[in-house]
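In what follows, a single structure is set out as structure tokens and then discussed.
None of the figures in this text is laboratory data; all of them are computed from the coordinates on show. Worth saying up front: this structure is predicted, and the values here are computed from it rather than measured. Every residue, glycine among them, receives a Cβ derived from its backbone with ideal geometry; neighbour counts consider all protein chains shown.
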Amino acid sequence: MEDIKFDKDDLKEIEKIKAKYPDTKSAVMPVLWYAQDKFGDTNVEVQKLVATALDLPPSHVYGVVTFYTQYYDQPKGKYVLDVCTCLSCQLCGGYDMLNYAEEKLGIKAGETTEDGLFSIQSVECLGACGYAPMMQVTNDKNVNHLTKEKMDKVIEALKSGKDIELEHITIPQHQNVSK
Amino acid sequence: MSKDWKSYKPLLLPDIQNLSSIGVYEKNDGYKALKDVLKNKKKWTPENVTNEVKNAGLRGRGGAGFSTGMKWSFMPKPDGGPRYLAANGDESEPGTFKDRQIFEDNPHLFIEGAIIAAYAMSIDVVYVYIRGEYRPYLRMLQKAVDDAYDKGYIGKNILGSGIDVEMQLHMGAGAYICGEESSLMESLEGKRGYPRVKPPFPAQKGLWGRPTTINNIETLANVPLIMKNGADWYKKIGAEGHAGPVLYGISGHVNRPGVYEYPSGMLITDLIDEVAGGIRGGKKLKAVIPGGSSTPPLTAEAVQGTAMDADSLREVGTMMGTAGLVVMDEDTDIVDVVTRISHFYHHESCGQCTPCRDGTGWLENTLQKINRGDGEMRDLDLLLNICNQMEGRTICALADAAAWPVRFSIDRFRADFEAKCKKTVYALS
Ligand SMILES: Cc1cc2nc3c(=O)[nH]c(=O)nc-3n(C[C@H](O)[C@H](O)[C@H](O)COP(=O)(O)O)c2cc1C
Ligand code: SF4
Ligand code: FES
């Protein structure tokens, strides 16, 4: 594992983040994101590092990390599949998609595969209800209108180290008008 | 409302290729409203802009539907210290996915509206709070903001007017409660998102103790339309008392789910049957949640003839909320759906207030018991009793948002709940 340290460039970035707010404390969320991007998670060691960089008590940083679900206070898989099972996704088969992913990877929601490649989570509404069922990959791109075939494809692509494409949404009204 | 919605041309999300790029936006009259305001500061004093927005009848699109111009007028007179606008892009209410489309298709309309709002309230910095799950869309907005800075629409001495406004984007990290305005401010200040006790209200004591206004993304995107065309023009769009275009997010069991822009006051049946292409598989309608998961669900009968505006929805016992309609067909298990909604609110309660922290847990657990067939009739009374203990007794409205779907589902779909409960057997008689 890489050393949990901020280098010179990191510290420069952190200064830039701090300049966006009237006080240092307010920079804690973006700096935690920055740290999670670099180290993969925000475990206690990372939290201490962030606390030192911002001159905050580690307990405060711990409090913030544990309040927000997207900060990983434990190591996760390289790819985290956040399958939405909330309202609209539930109605459109979100749980079937979750079960399929679990079966395929041989783990349950909340677990990580032995090779450390994948974690699965059952998550709350991701703000893409019209494209249900859907999932988000590692806090970033959405996979909309999920099917088993689409799940297979995404998992294969990630396994071979390919990034997935951002799916642009054109509102159906425009498709009607342009027709 | 008559059928002339069919010829309606979208204003917030017009059908223009690459509108998200600043050049295309400018070519289509983009930033014209801002220019006009800043060039005619004598005519468009901050007070006059605020009054124009008030007269237009724009109501907040974030859930509560409060008059936007009125809210702006609550800001105290400038005292030389900093003042803030927090643009709310947390968008986490299940069934809601419309602000996302603005980031993707028309980010400059939002930016223009936010800068006009900043001028009207003498704001120094606009903080845009965007939920962490929208990271790709935050990148899109960041690009638009950078371009707007380059062209002088944001920053120091905007368009030579002597007005300075900065804009910063702040990414959340997964917490529904941070959409609540005071929780949002706590989160921006780098803390756990615990809602604040009100008063003091944000206009008195908001971000970093300074006067602050919180507006939804879609709300701010309406502002350039008003300033470009006038309050009288705007007022005529859609329903009386709830003017303007609305981004309807339609999800669930329909053939063509998605975001649609039409005037306020659309009939729910038109939205389902014509706009969204009807119910999947030709099934019948069972229920509709009209404005995000916290708004009380309507039965198929109640939906008939009901329009999407505050007054019409109040009449049938629900609310406009975020105009995120969730459509459920006849095969839907309402108990299962309400149980899942309760899980959401239990998961998202921040835990500060006992009625909410414990109440949301009791609701979920009791519903789960009924849902798996272990419930009894008296559990329905227990649920209603818990709702009584929650509503209006907490720091923020999350407790109410959690109680309403339960209360009104039992009220309106009682037979579905009873069918899942064990019949009580008495030893005697
Ligand atoms: C629990 C809770 C969650 C909320 N979530 C959001 C949200 O995600 N987005 C939003 O704009 N408003 C949300 N609101 C409403 C805000 O508190 C606030 O009223 C709104 O952002 C004001 O903007 P508007 O007047 O333009 O609607 C929420 C309110 C509550 C009580
Ligand atoms: S009502 Fe619930 S979410 Fe709101 S402050 Fe109280 S405990 Fe937190
Ligand atoms: S319910 Fe799944 S994205 Fe909203």
Calculated FRET efficiency for the pair B:A300/B:A64, C-beta based, R₀ 25 Å, to 0.05:
0.35
I'd like the orientation of helix A:8-18 relative to chain A: the angle between its Cα long axis and the longest Cα principal axis, in ° from 0 to 90, rounded to 10.
80 degrees
Taking a crude spin-label model, label points 7 Å out from Cα along the C-beta direction, the B:K422 to B:K43 distance in nm is 7.5 nm
Cα gyration tensor of the range B:281-429, axes a ≥ b ≥ c as square roots of the eigenvalues: rounded (a/c below 1.5), prolate (a/b > b/c) or oblate?
oblate
Inter-chain shielding of A:116-125 (mean C-beta neighbours from other protein chains, 10 Å cut-off):
3
Net charge within 11 Å of B:G359 by Cβ-Cβ distance, Lys/Arg positive one each and Asp/Glu negative one each, not counting B:G359 itself?
-2
Rounded, prolate or oblate, given the Cα gyration tensor of the range B:1-42, with a/c below 1.5 counting as rounded?
oblate
Quick one: net charge around B:V197, please, counting Lys, Arg +1 and Asp, Glu -1 for every other residue with C-beta under 14 Å from its C-beta.
+1
For the pairs B:K39/B:K156; B:K54/B:K228; A:K20/B:K156; A:K78/A:K162; A:K78/B:K191; A:K5/A:K25, flag any whose C-alpha to C-alpha distance is greater than 18 Å.
A:K78/B:K191; A:K5/A:K25
Per-residue mean of C-beta atoms belonging to partner chains within 10 Å, peptide B:186-194:
6
So what are the ³J(HN,Hα) numbers for the range B:290-302, from phi and the Karplus equation (6.51, -1.76, 1.60; θ = phi - 60°), rounded to whole Hz, Gly and Pro as x?
x, x, x, 4, 7, 7, x, x, 10, 6, 4, 5, 5
Charge sum, other residues only, whose C-beta stays under 11 Å from A:D140's C-beta, Lys/Arg counted +1 and Asp/Glu -1:
-1
If you stretched the chain out fully between A:E13 and A:E111, how much longer would it get, using 0.36 nm times the residue separation minus the C-alpha to C-alpha distance?
32.0 nm
Percent RCO, i.e. relative contact order, over chain B, from Cα pairs under 8 Å lying at least 6 residues apart:
16 percent
Under the Karplus relation 6.51 cos²θ - 1.76 cosθ + 1.60, θ = phi - 60°, what is the ordered set of whole-Hz ³J(HN,Hα) values for the range B:278-289, x standing for Gly and Pro?
x, 7, 4, x, x, 6, 8, 7, 10, 7, 9, 9
Restricting to bridges with both residues inside the protein assembly as shown, how much of the DSSP beta-bridge set is antiparallel, in percent to the nearest 5?
45 percent
Those helices of chain B passing the 27 Å axial Cα length cut-off and the mean Kyte-Doolittle cut-off of 1.6 (DSSP H runs only) are none
